[in-house]
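Since the structure comes first, as structure tokens, the remarks are kept for the end.
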Amino acid sequence: MLSSRVKNIAPSATLAIDAKAKQLRKSGKDVVIFGAGEPDFNTPENIKLAAKKAIDGNFTRYTPVGGIPELRKAVAEKFQRENNVSYDVSEILISCGGKHSLYNIAMAVLGKGDEAILPVPYWVSYEEMIKLAEAVPVFCNTDERFRLTAGMVEEKISDKTKMLILNSPSNPSGAIVEPDEVRKIARLAADNNFYVVSDEVYEHFVYGDNKSISIASLGDDIKSLTIVSNSVSKTYAMTGWRIGYTAGNNEIIKAMENLQSHSTSNPSNIAQYAALEALTGPQESVKKMVRAFDERRKFIYKRLNEIDGISCVEPEGAFYAFPDISGTGMSSMDFASKLLSEALVAVVPGIAFGSDRHIRLSYAASMRDIERGLDRIEKWLKQS
Ligand code: GLU
């Protein structure tokens, strides 16, 4: 009796693994969790205080559907300050998390038969959102370091191409699209008139000499074709608060707002005040978290490559390692499910991201857990 729409979607693998691992932990098992990507840091005190003040000040009623004007303004200022792109407040929409922003974008822009170019490996929910909008995901390869080039995108353009999903730094690979390639991709989008949905949720998590640029900053032509999705979840350790935002041209933002007015209405009033403090308050916590993740990144990359049957490309950004496990002879699903039941380590099978040769580990976990988890993986592989 279910609709064909929901019959065709798979549950989010990242959230499913996370729920299973947390349940095992609750039942007393000592599970090391490299599952869903969320910072292990707590939300900074100043942000929590802003939320408490919002409750005490009775900011507990509906807000405008697209968010409180102060937050929309703070987001526009963030784009100017950090990305060098000017947006009017009317070009900003606040939603219930980055995932909700992306879902609204898919529903507002894609329709039956439209094609959306999706570089592989991709974050699990993009594919399902495209399909929910009755559009077609057109998978696009990346190189052996998971880097996307304009040439790879160009091969996939057809007269049905409506959008490209750009996620740099990438979840799950951590790869960054080089600035020169971003420039070429901008030209391709302008020449062929398709949207670029730029998911910039990991923009602050960039390591070493790598540089990540926002495609919308490359000129008015490409800005009008770019829809940026971002959130406070990762940058400020606020995953559970559910505040995401979109920047794009008036017409799209208005359509997304209309859609949102019939589904969630406004995002949580209290969480919006917390997000406002996150964007306008002190930023030290961000730097501290990025430094900690960088240390963990170096460790996990080195340690994974010491394990027989596993090889890993150095992640350039985000907080994920995406090692090749094909040397173990297992599929990614077999590897992940046996590893969890036999060695109590939770990872996400790469098949959820479009590659069965890989698994994803989130290193937004404590150094102690990273060490213990990798020791367990090594021991488990030696025994099996
Ligand atoms: N984006 C994170 C991840 O990939 C959060 C979980 C999710 O919503 O998929 O793990």
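Given a Förster distance of 25 angstrom, what is the FRET efficiency for Arg25 paired with Met367, based on the Cβ-Cβ distance and rounded to 0.05?
Values: r = 19 Å, r/R0 = 0.74.
For R0 = 25 Å, the calculated efficiency reads 0.85.
With equal scatterers on the alpha carbons only and no solvent term, can you work out the Debye log10 of I(q)/I(0) for the range 19-136 at 0.12, 0.20 1/Å? Each listed q maps to, in turn, -0.76, -1.21.
In debye, nearest 20, what is the charge dipole magnitude of the chain about its Cα centre with +1 on Lys and Arg Cβ and -1 on Asp and Glu Cβ, if you could check? All intermediate terms of the calculation are to be shown ahead of the outcome.
Working: 47 positive and 49 negative charges, 252 e Å.
So the dipole magnitude of the chain works out to roughly 1220 debye.
Between the C-alpha center of the range 108-144 and that of the range 312-384 there is a gap of 25 Å.
Extension gain, Ser311 to Lys254: 0.36 nm times the residue separation minus the Cα-Cα distance gives 15.9 nm. Selection among Phe335, Tyr273, Phe319 by position relative to the dipole of the range 272-367 gives Tyr273 as farthest towards the positive end (Cβ unit charges, Cα centre).
Compute the Rg to Rh ratio over the chain from the alpha carbon atoms, using the Kirkwood formula for Rh, and round to two decimal places.
Rounded to two decimals, Rg over Rh is 0.96.
For the chain, the residue among Leu225, Thr235, Leu110 whose Cα projects farthest onto the positive side of the dipole built from Cβ charges is Thr235. Computed over the alpha-carbon atoms, the range 130-258 gives an Rg to Rh ratio of 0.95, Rh here being the Kirkwood radius from the mean inverse distance. Between Gln283 and Lys112, the modelled label-to-label distance comes to 4.7 nm, taking each label 7 Å out from Cα in the direction of the beta carbon.
With Kirkwood's inverse mean 1/r over C-alpha pairs for Rh, give me the Rg to Rh ratio of the range 29-83, two decimals please.
Working: Rg = 16.6 Å, Rh = 14.8 Å.
Answer for the range 29-83: 1.12.
The residue list Phe59, Ile33, Ala19 was ranked by how far each Cα lies along the charge dipole of the range 7-59 toward its positive end, using unit charges on Cβ atoms, and Ala19 comes out on top. Using a simple spin-label model with pseudo-atoms 7 Å out from Cα toward Cβ, Val89 and Arg61 lie 1.9 nm apart.
Using Cα pairs closer than 8 Å and at least 6 residues apart in sequence, work out the relative contact order for the range 200-247, in percent. The partial results should precede the final answer.
Working: 48 pairs, mean separation 16.4, N = 48.
Answer for the range 200-247 is 34 percent.
Distance cut-off 28 Å, Cα to Cα: go down the list Lys131/Lys302; Lys131/Lys338; Lys223/Lys302; Lys160/Lys184; Lys29/Lys53 and report the pairs above it. The partial results should precede the final answer.
Details: Lys131/Lys302 38 Å; Lys131/Lys338 30 Å; Lys223/Lys302 39 Å; Lys160/Lys184 20 Å; Lys29/Lys53 38 Å.
Cα-Cα > 28 Å for Lys131/Lys302; Lys131/Lys338; Lys223/Lys302; Lys29/Lys53; rest within.
Each Lys and Arg adds +1 at its Cβ and each Asp and Glu adds -1 at its Cβ; summed about the Cα centre, the range 113-216 shows a dipole of about 100 debye.
Note on Lys162: aspartates and glutamates with a C-alpha under 15 Å away, same-chain residues under 8 apart excluded, are Asp114, Glu115, Glu127, Glu134, Glu154, Asp191. Counting charges near Gly111 (Lys, Arg +1; Asp, Glu -1) among other residues having Cβ under 9 Å from its Cβ returns a value of 0. P(r) tail for the range 311-383: Cα pairs beyond 20 Å make up 23% of the total.
For Glu82 and Val6, what does the FRET efficiency come to when R0 = 22 Å and r is the distance between their Cβ atoms, rounded to the nearest 0.05?
Working from the Cβ atoms, E equals 0.05.
For the range 183-265, the Kirkwood hydrodynamic radius from C-alpha pairs, put into Stokes-Einstein at 20 °C and a viscosity of 1.002 mPa s, yields a diffusion coefficient of 150 µm² per second.
Label separation (Glu70 vs Ser337): 5.0 nm, computed from points 7 Å beyond Cα along the C-beta direction.
Quick note: the coordinates plus some simple rules give every number you see, no bench work behind them. Keep in mind the model is a prediction, meaning the values are calculated, not measured. As a convention, Cβ positions derive from the backbone with ideal geometry for all residues, glycine included, and neighbour counts pool all protein chains shown.
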